[in-house]
Amino acid sequence: MEKAFLILEDGSVYEGKAYGARKEVISEIVFNTSMTGYLEVLTDPSYAGQAVIMTYPLIGNYGICLEDMESERAWPDAFIAREFARMPSNFRCDMGIEEFLLKYDIPGIEGLDTRALTKKLRECGTMNGLITTNENFNLDEILPKLKEYKPTGVVKKVTCKEKYELKGDGYKVALLDFGAKKNIARSLNERGCNVTVYPALTKAEDIIATNPDGIMLSNGPGDPKECVEIIEELKKLYNTDIPIFAICLGHQLMALANGADTHKMKYGHRGANHPVKDLRNGRVYISSQNHGYVVDDEKMDKNIAEPAFVNVNDKTNEGLRYVGKNIFTVQFHPEACPGPKDSGVLFDEFIKMMEDKKNA
Ligand SMILES: NC(=O)CC[C@H](N)C(=O)O
């Protein structure tokens, strides 16, 4: 077995075995605590520019079911687990995880201590790292490069190139694709919506001109503050009376468009069991999450938006309701995939919002 190394920005080195593609990459190293759903993690475009460590020790047991992909390809720069399954067992399985990683040229490492690694990232915060099979690495050369790295231009990389449509007889929804997981469009389409998916840099005027019943802003990769052009367009969408629902990056961008600030969290939320509390009724949903940035809700003008959800573990903001507007946005993932479907009802709330607006 060929050796592979993960070298972190602080100079620590973890040795494991090479798996998947043989390729040297520098990336932001993040961990995900989901016990299943590795294919959905691999195909979530929000991971572009990052390498993912799965904390669950055995990954790949049920193989890869291509039908369950959340986008057209796999996005992480690298994929790391304690052990990858050699003999997947599942009647829907199309291929094993190694074949899938090779197909998208993604290097993997297994056999390293993912628990120690996760503890390290929790204590020191998210770090950049190098994944390599070169045993003769030189830390003096590598560490300055690691400190410099920042994923940039990632939304442009992952968004669709052309608009496309999912036909439905119900409400007409314009979905802005900042790196959308497929289950967002599917969740709307299942509720009858006719969904038109637009590239991230579509002008607000072009969307407003189609007279949609509602606008959906998707999840996506990278630092929200980098998306300056999109934020400008969202200001214009805010000024219409079209109902808007936003998830994750969409939520952060709408907040930035309205004078809020965002910051990078110490190590983010990535997993399938994050409790979020609905501040209207105290109800707690167990949610699927994948984000490294968060909206500073204390700095948000309360006349513009009020906190709608809070994370029960660390009290960070998980959603906003815009005052006097048909707009609500969430930091977590009601579309699940992977993870619990508890908060899928929020799509029904969005439908209700469009209905009320139409009947007004
Ligand atoms: N899933 C997402 O939309 C992530 C949003 C943003 N890239 C973050 O990490 O916070």
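The values are calculated or read from the model by the stated rules, or taken from the named source; none is laboratory data. Every value quoted in this text rests on a predicted model; they were computed, and no experiment measured them. Note that we place each Cβ from the backbone using ideal geometry, even for glycine, and neighbour counts take in every protein chain shown. Heavy atoms of the whole protein, side chains included, go into the accessibility calculation; ligands, DNA and RNA do not. Shrake-Rupley method; radii C 1.70, N 1.55, O 1.52, S 1.80 Å.
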key: Fraction of accessible area attributable to carbon and sulfur, the range 257-327 (%, probe 1.4 Å)   = 49
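Given the pairs LYS103/LYS157; LYS156/LYS358; LYS161/LYS225, which span a C-alpha to C-alpha distance of over 28 angstrom in this model?
Too far apart for the 28 Å limit: LYS156/LYS358.
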key: For the range 3-151, with +1 on Lys and Arg beta carbons and -1 on Asp and Glu, the positive-most of GLY111, ILE64, SER34 along the dipole   = GLY111
ask   = Using a 1.4 Å probe, what is the accessible area per residue for the chain, in Å²?
value = 42
remark   = With Rg from the Cα atoms and Rh as the Kirkwood inverse mean 1/r over Cα pairs, the range 155-359 has an Rg/Rh of 0.92
inquiry  = Report the per residue volume, in Å³, of the convex hull enclosing the C-alpha atoms of the chain.
reply    = 129
ask   = In square angstrom, rounded to the nearest 10, how much accessible surface does LEU166 have for a 1.4 Å probe?
value = 40
remark   = Expressed in square angstrom to the nearest 10, the accessible area of HIS263 with a 1.4 Å probe stands at 80
ask   = So which GluC sites (Glu not before Pro) in the range 35-78 end up in coil per DSSP with only 11 or fewer other C-beta atoms within 10 Å?
value = GLU72
task = Assuming a ≥ b ≥ c are the square roots of the Cα gyration tensor eigenvalues, decide whether the range 185-274 counts as rounded (a/c under 1.5), prolate (otherwise, with a/b larger than b/c) or oblate.
result = oblate
